[in-house]
Amino acid sequence: MSGGTHDFAVVGFTDLRELPRRLPQLVVGLLCLGAGIAATVRADLGLSPYDVLHQGVADHTGLSFGVVVVLVGVAVLLLWIPLRQRPGVGTVINTLTVGFITNGVLDLLGHPHELVWRWLLLLGGLVVTALGVGLYIGCGLGPGPRDGLMTGIAARGHPVWLVRTLLELTALALGAALGGTVGIGTAVFAFGIGPLGHLFLHRFHFGVDAEDPDPDATFAE
């Protein structure tokens, strides 16, 4: 993931020859991210910290969950400017599409009441989200908006783990205060997304002329 003090400019266009190889993986990764998030929402057993925030804002504004994901992503991306972070083409596409993909999948999924189906949705959503993270980060076209914020702050001399923890706890606290769903699924996601994401990232990582992410600094969403 990018870090340091760079001018705020979209990157990822320096070698257009790489885009045909990387864009399909980007698209599949974003589809998986949206589908995985939607599955965890429908499981109703607890969401990831940022999704707790998204749900809380959606409940209080009347906006759809996916629209809130997009709007929060845009707001976070604006915070990159004073940090002098550089978004990639994947960053921009991520910010503008994942929320709408999530909305589309939410429309397709039902509202299961049986606990076994909710657990299947939670665990399946976790795996699909981790697959999406591995595909998305592995294509090397720019970090997600929330990961970029984390690494941008960390580049100012703060430990990545501390910045990540504080950002996610802040999102979780705000989301919980707004009525977002916190539960066992929140803990499952917190402990599961890192190992699963690493597994998929190592399988799908391009590692060619990309600003390679630090695997230990990712999986914030």
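Quick notes
- Given charges at beta-carbon only (K, R positive; D, E negative), |dipole| of segment 33-217 in Debye: 180
- Distance between modelled label sites at H158 and A187, nm, 7 Å Cα→Cβ extension: 2.7
- Electrostatic bookkeeping for P24 treats Lys and Arg as +1 and Asp and Glu as -1; over the other residues with beta carbon under 15 Å from its beta carbon, the sum is +2.
- Computed FRET value (nearest 0.05) for L166 with L96, which takes r as the C-beta separation and R₀ as 25 Å: 0.40
- Normalising by residue count, the chain has a Cα convex hull of 107 Å³ per residue.
- Going by neighbour counts of Cβ atoms within 10 Å, the residues D107, D147 line up, fewest first, as D107, D147.
- Ordering of 31-39, 46-54 by burial proxy (mean other Cβ atoms within 10 Å per residue, highest first): 46-54, 31-39
- Cα pair distances of segment 83-178 binned at 5 Å [whole percent]: 2, 11, 14, 18, 22, 17, 9, 5, 2, 0
- Most tightly packed first, judged by the mean number of other beta-carbon atoms within 10 Å of their residues, the peptides 111-118, 180-187 read 180-187, 111-118.
- By the helix-only formula, in which each DSSP H run with n ≥ 4 contributes -39500 (n - 2.57) and the sum is divided by residues, the chain has a 222 nm mean residue ellipticity of -22500 deg cm²/dmol.
No lab work stands behind these numbers, since they all come straight from the coordinates. Not measured: the values here are computed from a predicted model. Cβ sites come from the backbone with ideal geometry, for glycine too, and all protein chains shown count toward neighbours.
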